[in-house]
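Please treat every number below as a calculation from the coordinates, not as lab data. Owing to the predicted nature of the structure, the values given are computational and were not obtained by experimental measurement. Note: ideal-geometry Cβ built from the backbone for every residue, glycine included; neighbour counts use all protein chains shown.
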Amino acid sequence: MNEDRLRAAVAAGVGASEEAHAQLLKSIVEVARAIFGAKASSIFLFDEETDELVFEAVAGEGEQSLLGTRIPSSSGIAGWTLVTRQPLVIEDLSQDPRFARDVAEKTGYVPKGLMSVPLLHEERALGVLQVLDRPHRPGSSLQEIDLLGLLANQAAIALDLLQRAREAKVVLDEGGGDVAVVARLAAVVQELDGRDREAGLKLLESLEELLRR
């Protein structure tokens, strides 16, 4: 197989992987919105390079316009959740000093209340999952935050895989033939679980060390 054909094959593999993870994130916000009867739900990705939170998946209000929108990582409730790594339920945002109303207005939707949980994976804060304006049910907040936490666990895994797929694509775009092979292998390893994934990651580390020599 010549290099052009190899690069095309790798690009196809990485692209498919990225699309699958993006669709999973979309499904998670749709489920979150549905089970809580909320006006909207969203997943923010923390972009460490730019120190921003990026709307990676949205369901409900703002669904068509917010994808890809960036806000400072310290902004509002999402920023507070990312930094503290603590879940939060607020029924009246107008009374909470952490709420960045000006940022919300720029998105085109100002919620009255929300639930917010961090997306944590292997001790890394990858982003935030929020549910906006669900019907308030007295006494149910703890149960709801536990349920949202379960969704957050799945979202964190999907977000981690999405980031890895994008990193592999960057390596592919910038690298040559040998690097492209490693990128393709990385895309495959992302799909593995448990011991198989651990073995794949060790193999990648060995290959990268060999290529650097």
To the nearest 0.05, the calculated FRET efficiency linking residue 48 and residue 20 through their beta-carbon distance, R0 being 30 Å, is 0.85
Expressed in angstrom and rounded, the centroid-to-centroid distance over alpha carbons for region 32-97 and region 141-162 is 13
1/(1 + (r/R0)^6) with r = Cβ-Cβ of residue 202 and residue 31, R0 = 35 Å, i.e. FRET efficiency to nearest 0.05, evaluates to 0.55
Residues other than residue 117 with Cβ under 11 Å of its Cβ, Lys/Arg counted +1 and Asp/Glu -1, net out at -1
Expected sort for 154-163, 129-138 on mean C-beta neighbours within 10 Å, highest first, is 154-163, 129-138
